[in-house]
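**Student:** Structure in structure tokens, see below.
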Amino acid sequence: MKPLAFFDFDGTITSKDALYQFLFFSFPKIRLLSGFVFLAPFLVLHYGKMLSNAKMKQRVFAHFFRGLTIDAFQQLALRFCKEKLPEIIRKEAMDKIEWHKQQGHEIVVVSANFDQIFAPWCKENGLKIIGTCLESKAGFLTGKFASLDCSGEEKVKRIKQQYALEKCEVIYAYGDTKGDLPMLALAHYPFYQKF
């Protein structure tokens, strides 16, 4: 089995949180402002540590995207990946990704973010994806997740579902927050907040 390189996305490959950049890209300022005024009570709970990151993220996603067709969302993500995402990609991350490609390693982006937001960028760069999946019914987004939030131990669980790590002699992992530490613990070569 070829060596594996697992990369967190937000804050590791990117310099900013891609979800919020996606929101700013997708909606006019007045729509965002009214949305966050509505979400203010949940934000207070979140910053008071009474509402988890996962639950807050779902509240935000449901408020802005529930009812949108999956096709429209994917087209929005494609535009975002072409027009905005390159501005927040870290050069150091791309250099390391290129190094892994040259070594013939399989590179996997493992993110708590919604996989469909950055799927076009990953496809363009030949990278595999493990991320939080979105639920849709009859072609429309429900505002719910189709998987657990892919953070912390869930990253490890999802990785092990797809890869027989015991057969891999060399594993690299890159992350920038405490939520990435369980994934980094899988690696022979873990890199925390550095490349």
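**Student:** May I ask you to say which residue of I107, I117 is surrounded by 13 or more Cβ atoms within 10 Å (Cβ to Cβ), in contact (Cβ under 8 Å) with a residue 12 or more places away in the chain and more than 19 Å from F25 (Cβ to Cβ)?
**Tutor:** Exactly one residue qualifies, and that residue is I107.
**Student:** Looking at L141 and the list (1) surrounded by fewer than 20 Cβ atoms within 10 Å (Cβ to Cβ); (2) assigned to a strand (DSSP E or B); (3) in contact (Cβ under 8 Å) with a residue 24 or more places away in the chain, which single condition is not satisfied?
**Tutor:** (1)
**Student:** When you check G48 against the structure, is it among the small types (G, A, S) and touching a residue at least 60 places away in the same chain (Cβ under 8 Å), yes or no?
**Tutor:** no
**Student:** Write out, first by first residue and then by second, each pair whose Cβ atoms fall under 9 Å of each other, whose residues are 6+ apart or on separate chains, and whose first residue, in segment 66-77, is assigned to a helix (DSSP H, G or I) and of a type outside the set (A, V, I, L, M, F, W, C) while the second is at pLDDT 95 or above and surrounded by fewer than 14 Cβ atoms within 10 Å (Cβ to Cβ).
**Tutor:** Matching pairs, first to second residue: D71/G139.
**Student:** Checking E124 against (1) touching a residue at least 40 places away in the same chain (Cβ under 8 Å); (2) surrounded by 18 or more Cβ atoms within 10 Å (Cβ to Cβ); (3) farther than 18 Å from M183 by Cα, which test does it fail?
**Tutor:** (2)
**Student:** Check K91, K101, K84, K49 and return the single one that is at pLDDT below 95, of a type in the set (K, R) and surrounded by fewer than 16 Cβ atoms within 10 Å (Cβ to Cβ).
**Tutor:** It is K49.
**Student:** Considering only segment 40-61, I want to know if a residue exists there that is among the hydrophobic types (A, V, I, L, M, F, W, C), closer than 28 Å to A138 by Cβ and touching a Lys or Arg at 6+ places or on another chain (Cβ under 6 Å).
**Tutor:** Yes: segment 40-61 contains one or more residues that are among the hydrophobic types (A, V, I, L, M, F, W, C), closer than 28 Å to A138 by Cβ and touching a Lys or Arg at 6+ places or on another chain (Cβ under 6 Å).
**Student:** For the structure I just gave you, tell me whether L127 is within 30 Å of L51 (Cβ to Cβ) and under 17 Å from the mean Cα position of the chain (by Cα).
**Tutor:** Here the answer is no, as L127 does not meet what is asked.
**Student:** For the condition among the aliphatic types (A, V, I, L, M), modelled with pLDDT of 95 or more and more than 15 Å from the chain's Cα centre (by Cα), what is the one hit in A72, A146?
**Tutor:** A72
To keep it simple, each residue is scored yes or no on (1) without any contact (Cβ under 8 Å) to a residue 60 or more places away in the chain; (2) closer than 24 Å to Q116 by Cβ; (3) assigned to a helix (DSSP H, G or I).
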site: A5; (1), (2), (3): no, yes, no
site: D10; (1), (2), (3): no, yes, no
site: L19; (1), (2), (3): no, yes, yes
site: V44; (1), (2), (3): yes, no, yes
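**Student:** Go through (1) within 19 Å of S151 (Cα to Cα); (2) more than 17 Å from the chain's Cα centre (by Cα) and name the single condition S34 misses.
**Tutor:** All conditions are met except number (1).
**Student:** Hey, can you tell me all the residues within segment 166-195 that are touching a residue at least 60 places away in the same chain (Cβ under 8 Å), closer than 26 Å to Q116 by Cβ and assigned to a helix (DSSP H, G or I)?
**Tutor:** Once the filter is applied, which keeps residues that are touching a residue at least 60 places away in the same chain (Cβ under 8 Å), closer than 26 Å to Q116 by Cβ and assigned to a helix (DSSP H, G or I), segment 166-195 yields G179, D180, M183.
**Student:** Going through segment 146-190 one residue at a time, which ones are aromatic (F, W, Y) and either crowded, with 18+ Cβ neighbours inside 10 Å or touching a Gly at 6+ places or on another chain (Cβ under 8 Å) (or both)?
**Tutor:** Result: Y163, Y172, Y174.
**Student:** Just need a number here: residues in segment 95-116 that are closer than 25 Å to D149 by Cα and in a helix (DSSP H, G or I).
**Tutor:** The qualifying residues number 3.
The values are calculated or read from the model by the stated rules, or taken from the named source; none is laboratory data. A quick note: this is a predicted structure, and the numbers were derived from the prediction, not measured. Reconstructed Cβ throughout: ideal geometry from the backbone, glycine too, with neighbour counts over all protein chains shown.
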